[in-house]
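Some notes on the structure that comes next.
The values are calculated or read from the model by the stated rules, or taken from the named source; none is laboratory data. Computed from a prediction, not measured in an experiment: that's the story for all the values here. Neighbour counts run over all protein chains shown; Cβ positions are idealised from the backbone, glycine included. Remember, those area values only see protein heavy atoms, side chains included, never the ligands or the DNA or RNA. Shrake-Rupley method; radii C 1.70, N 1.55, O 1.52, S 1.80 Å.
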Amino acid sequence: MTRRLRALKRWMASQGIDSSDGLEIRDDDAGIRVVSTRDLGEGEAVARIPKSACLTARASGAREAIEEAGLGGSLGLAAAVMYERALGEESAWAGYLQALPRREAVPVAWEAGEIDEFLVGTELHKTVKEDKALIYEDWKECILPLLSSAPLKLEPRSFGYDQYVDAKSLVASRSFEIDNYHGFGMVPLADLFNHKTGAENVHFTNVSSDSESDNDQNVEDQNGHYDDYSDNLSTDDLPSEINGSPTFFSGETCGNGNNMEDASSSEVDLSVLEMIIVKGVKSGDEVFNTYGSMGNAALLHRYGFTELDNPYDIVNIDLKLVIDWSSSQFSSRYTRARVSMWRRFDLSGCVSQNSEYFEISSEGEPQLELLILLYVIFLPDGVYHKLNQMVMPSGDISKAISTILSVKHNTSISLEDLDMVKDCLLIDKVCRGLVSLAEIRERYYGETSLDDDEKKLMNCCKSNKKLYHSLVLEYSHLAFLYSFLPRERGRTRRMATFSSDGRFGLRSCPDCGKGGLTPEQRGER
């Protein structure tokens, strides 16, 4: 047992954190993880965590300064983590904090050069750069003023920008929203369970004591998309259970957001968090949590890792890319008119921060709104002008498609299912448009190819987290894009790396011997 693990266990015992004999916390080359020591059955309670053991802005010694500054949500929690870390052994959470890494390997904590090197071509490249600017603004406008807070007597070196990024990375990847009273918090033991898509073993729920407030029955983890970097989350209607992870890297505006309010003594929450097995675990297996169903870009952005066989992975095609491509084929005026008609059907892509985009799934399925836009772009002029004189149906995508197709074919068309819709939309011109967009999107990655990335992954060990996970992200994106490209292209399409169930893996790593493909998948048998 490592020194930090012994210290963590002593601290947990002192805080009344009760862990089942069926769980073992291990600290090895793979990091800290939780493994079962015996078979665990569904419904079994395996841990109880007093809320008093959770590190929150309300519980921190910096509470007064944080509340006076109006720092709420994850921004307030980051300030609390910085303060408690600055106290060292004097902190009530010293035994817990010493077990955490200095910072998590989320992209916003990478150096600028690493972001340019590892994320170029991905949708994260621009997003993470914007994140870093917002994080710096948060530190300058919200954290620095805390240094002048007389009661805290803070050391400036403990509240520098680097220290803020350290704390922010931990809050982003590990914190939970506990309840209305506590707000965001670091939950010891609960944050040690690793994520695995579709393999949740444990669930967290609130166990109420007789003396707690009726308003404090709710516990929720936040897997929300805080793409607008605001901290205006409402906790009035939180569900009564936690389902896994930690929050996303959110920035907040200081002084006016979801600020904490004073609570009367009757509102002080004395409940505990209970961890329940929701899917049986065999003895010796790792016990997993799940942070939600999300693609590799979201996982890397929020938590600093990816999954090779992620069935929820996607690649994005920006609306701007579609518009630029269409303008090069026709004209800017023509494209603006066609996009305007598409908008009149109340259609849009996905919106995140300052961008609008379309998703292509891991199965190579383009978002329906993209297919409709391409179909509208290729409409004959006569059909376009006839549609342009009509009152467009809005709010119902099936009616929108039916209207377009009915006018084009001069007959009433009723769409019975999604497959029929796609069959009608995937005319030759639309298919060629998808190929063109895939080729342009592929060029974002420079001269690299699927072959190149596979070779790099074969020679990259997981211990090099930044390189490994950025390669997985790029590799999966290229694989999706290659699924659109014609086989006769000059490059080899390495789709053979896909397994029979549509997932993909890799040969064994030459350093650690671990890999993702069977000999049959590698063509060795």
The extension gain from Ile276 to Glu130, computed as 0.36 nm times the residue separation minus the Cα-Cα distance, is 48.7 nm
Cross-link reach from Lys51 to lysines, straight Cα distance under 18 Å and at least 8 residues apart if same chain, gives Lys9
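Leaving out ligands and nucleic acids, and using a 1.4 Å probe, what accessible area per residue does the stretch 1-47 come to in Å²?
56
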Along the stretch 361-375, Karplus-curve 3J(HN,Hα) (6.51, -1.76, 1.60; θ = phi - 60°) to the nearest Hz, with x for Gly and Pro, reads 6, 5, 8, x, 8, x, 4, 4, 4, 5, 4, 5, 4, 5, 4
For the stretch 278-395, the charge dipole (Cβ of Lys, Arg +1; Cβ of Asp, Glu -1; about the Cα centre) points to a positive end, and the Cα of Thr290, Ser362, Gly349 closest to that extreme belongs to Gly349
A student applying the Cα gyration tensor rule (rounded when a/c is under 1.5; otherwise prolate if a/b is larger than b/c, oblate if not) would label the stretch 1-148 oblate
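What ranking, highest mean first, results for peptides 358-369, 172-183, 24-35 when packing means the other Cβ atoms within 10 Å averaged over each residue? All intermediate terms of the calculation are to be shown ahead of the outcome.
Working: 358-369: 18.3, 172-183: 24.5, 24-35: 14.6.
Order by mean packing, descending: 172-183, 358-369, 24-35.
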In whole percent, the fraction of accessible protein surface over the stretch 71-181 that belongs to carbon or sulfur atoms, probe radius 1.4 Å, stands at 51
Mean accessible area per residue over the stretch 312-381 (1.4 angstrom probe, all protein chains present, square angstrom) is 43
The ³J(HN,Hα) series, computed from each phi in the stretch 287-297 with the Karplus coefficients 6.51, -1.76 and 1.60 at θ = phi - 60°, rounded to the nearest Hz and given as x for glycine or proline, is 9, 9, 9, 9, 8, x, 9, 8, x, 5, 4
Between Ile440 and Val391, the FRET efficiency computed from the C-beta separation at R0 = 41 Å comes out, to the nearest 0.05, as 0.70
